[in-house]
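The values are calculated or read from the model by the stated rules, or taken from the named source; none is laboratory data. Note that the structure is predicted; figures quoted are calculated from it, not measured. When we count neighbours, we look across all protein chains shown, and the Cβ atoms used for this are built from the backbone with ideal geometry, even at glycine. For the accessible areas, the whole protein counts, side chains as well, though only heavy atoms, and no ligand, DNA or RNA atoms are used. Shrake-Rupley method; radii C 1.70, N 1.55, O 1.52, S 1.80 Å.
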Amino acid sequence: TSASITKTNTNSSNKDQSAQDLQGEVIYSYPDGSVYMGNMKNGKKHGLGTLRTAAFIYGAMYPASSAEDNAHLAKWHEYIGSWADDVMHGPGKHVNMSGDGTANILFDGIWDNGKQLPTPSEEFFAD
């Protein structure tokens, strides 16, 4: 079994020299606020994992009286799935999330070297 590692990257770039030593299941924080939770091999995302971007806020000029009323304004993206050599590869889902609990699935299918492969219905209608 692999140990769970929590590593916070404090460098200004998304690549951290010490990240190359990370192996197994990790929680890794990037300087931009993104977080990766999953498996790493030689410091690269590899195997199953989730990459969550930092949340951003829409409509900050129109604050409501409580955080609950503003929850729908927080948005972020998640990729949940398979990785190979630091890129999305294999089955995975790209989702746009909202602080109020809603999720909009942008793509749910197979990735090849970071690119979405067309689903069978997309291939059918492309001809």
With a Förster distance of 22 angstrom and the Cβ-Cβ distance between Ile57 and Asp108, calculated FRET efficiency to the nearest 0.05 equals 0.25
Expressed in square angstrom to the nearest 10, the accessible area of Val35 with a 1.4 Å probe stands at 40
Largest-first ranking of Trp111, Trp76 by accessible area, probe 1.4 Å, whole protein assembly kept, is Trp76, Trp111
Asp21 and Lys41 label points (each 7 Å along its Cα→Cβ direction) are spaced in nm at 2.1
Rounded to the nearest 10 Å², the 1.4 Å probe accessible area of Ser29 is 30
Probe 1.4 Å, all chains present, heavy atoms only: Asp85 accessible area in Å², nearest 10, is 100
With label points set 7 Å from each Cα along the Cα-to-Cβ direction at Gln116 and Val87, the distance between them in nm comes to 1.7
